[in-house]
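Here is the structure we will look at, set down as structure tokens.
The values are calculated or read from the model by the stated rules, or taken from the named source; none is laboratory data. Nothing here was measured: the structure is a model prediction, and the numbers come from that model. In this analysis, Cβ positions are derived from the backbone assuming ideal geometry, glycine residues included, and neighbour counts consider all displayed protein chains.
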């Protein structure tokens, strides 16, 4: 059987607990994930955008990169990007063939690997074969038992915590945070999003993560607004982390871009990890921007800059070692950043970061599309936090306006909390159903109706084509439209947009 067909036959939504199969596969492949410096990013929302911005930043520094994200929107090859280009289908097919050969030759006593485990193994194998200097890896779900958690990362991040995948991760933000915190390794620098600004549950989740950081002796960076900076610093200092930084982020959106002014403050003066923060302390404060829209992207941008600066010395040393520069090994051992501060130098490094951020593109996340002079904003986020970001971004771009929304969800999501956060920007709601694993239109309509009279009409169209046709007419009346609730809505939406009408 063709390897791609065999992978598809396994089904991408199957799950098996444990890392036994991944460790077995990595050993059979020669531990390809251990030979390349890596960045590991978890989080309920924001991890894909953060990874994309890291990849864009590192493209400015002549570093060979492997980027691994999920899910894919239209093509399986979207999940693996090497040096800015999707892996070729033939190359992926060959990698899968090699991995299936291992699986068939010596079956694991823990059962057959899952769809995601096989793809993850294929990514690490391909990245090693290509000679990457840095792997940028997005967690699939959770963290502790995710197939990607077989790394020894140069840096890791937890971008955000909110309720999602509760059947696997737990019913509270605290338990979800502990699961995501499973990617934190001893002495590894950790970047944490502004959880303390998310109310009592967010503070409790942050305390859980800081406990893990303290136990593992990790230098820790916490992102915050100016308003939350005093509380954030107090939480860092009282947690007992050995060293760290508070990054204060002032975000704004204008002229189709997101801007961030970022400043830094030490948790302890002359801390034991001062060398780890050397590049960050040298380059910040600073002003940066990205074409990715939304105030939440200001924090993702700050996280991506931190992760890039934390991992750049390792990635550059890896590159220099391949080129035969013996001095790179000494720099790698003693953690010296002197080579980077001399070449390209501080000012040029800041310019390169800004140039990289300016190249960031990520489909399906607050993406602005056009069709017949109608502006469409699509976002595939499916939880209440993502819904809030969609609503606030829409209001920033179109203050005082409402728009018809094309909406669908997978069966395991929470439509009530999602629609509660988007209802204020809706003129009407067109509900449709996904072919595989989708929630019924009746259940989604009940969720919408349970909100009471929110001032928008509800239209039920189980057939996707009928829903798109109705929604299209409504968007033409308003000259604007919204689509969201699932990443799996993206492919039918894009096919519909390409049709002549």
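Here are a few things to note about the model shown:
- Test for residue 395: is it under 18 Å from the mean Cα position of the chain (by Cα), closer than 23 Å to residue 487 by Cα, in contact (Cβ under 8 Å) with a residue 12 or more places away in the chain and in a helix (DSSP H, G or I): no
Conditions tested, residue by residue: (1) assigned by TED's automatic domain parsing to the domain that holds residue 371; (2) in a helix (DSSP H, G or I); (3) under 20 Å from residue 412 (Cα atoms); (4) touching a helix residue (DSSP H, G or I) at 6+ places or on another chain (Cβ under 8 Å).
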position: 448; (1), (2), (3), (4): yes, yes, yes, yes
position: 451; (1), (2), (3), (4): yes, no, yes, yes
position: 454; (1), (2), (3), (4): yes, no, no, yes
position: 472; (1), (2), (3), (4): yes, yes, no, yes
position: 476; (1), (2), (3), (4): yes, yes, no, no
position: 481; (1), (2), (3), (4): yes, no, no, yes
position: 489; (1), (2), (3), (4): yes, yes, yes, no
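- Residue in the range 406-414 that is part of a helix (DSSP H, G or I) and over 20 Å from residue 290 (Cβ atoms) present: no
- Unmet requirement for residue 186, which otherwise passes all of (1) in a helix (DSSP H, G or I); (2) over 22 Å from residue 302 (Cα atoms); (3) at pLDDT 95 or above: (1)
- Filtered residues of the range 20-47 (kept if in contact (Cβ under 8 Å) with a residue 60 or more places away in the chain, closer than 18 Å to residue 124 by Cα and assigned to a helix (DSSP H, G or I)): 20, 21, 22, 23, 24, 25, 26, 28, 29, 32, 33, 34
- Yes/no for residue 401 being in a loop (DSSP other than H, G, I, E, B) and assigned by TED's automatic domain parsing to the domain that holds residue 388: yes
- Among (1) surrounded by 20 or more Cβ atoms within 10 Å (Cβ to Cβ); (2) in contact with a strand residue (DSSP E or B) (Cβ under 9 Å, 6 or more places away or on another chain) - the single one residue 130 does not satisfy: (1)
- The condition (being in contact with a helix residue (DSSP H, G or I) (Cβ under 9 Å, 6 or more places away or on another chain) and surrounded by fewer than 23 Cβ atoms within 10 Å (Cβ to Cβ)) is satisfied by just one residue among 217, 181, 256: 256.
- Test: residue in the range 100-118 that is in a strand (DSSP E or B), buried (at least 22 other Cβ atoms within 10 Å of the Cβ), modelled with pLDDT of 95 or more and within 20 Å of the chain's Cα centre (by Cα): no
Residues checked against (1) in contact with a helix residue (DSSP H, G or I) (Cβ under 7 Å, 6 or more places away or on another chain); (2) surrounded by fewer than 18 Cβ atoms within 10 Å (Cβ to Cβ); (3) over 25 Å from residue 49 (Cβ atoms):
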site	(1), (2), (3)
229	no, no, no
269	no, yes, yes
275	no, yes, yes
307	yes, no, no
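Table: residues versus (1) crowded, with 18+ Cβ neighbours inside 10 Å; (2) modelled with pLDDT under 90; (3) farther than 16 Å from residue 37 by Cα.
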position	(1), (2), (3)
312	yes, no, no
321	no, yes, no
335	no, yes, no
338	no, yes, yes
344	no, yes, yes
356	yes, no, yes
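- Scan of the range 78-99 for residues that are surrounded by 18 or more Cβ atoms within 10 Å (Cβ to Cβ) and either in the same structural domain as residue 491 (by TED's automatic domain parsing) or within 18 Å of the chain's Cα centre (by Cα) (or both), ordered by number: 79, 80, 81, 82
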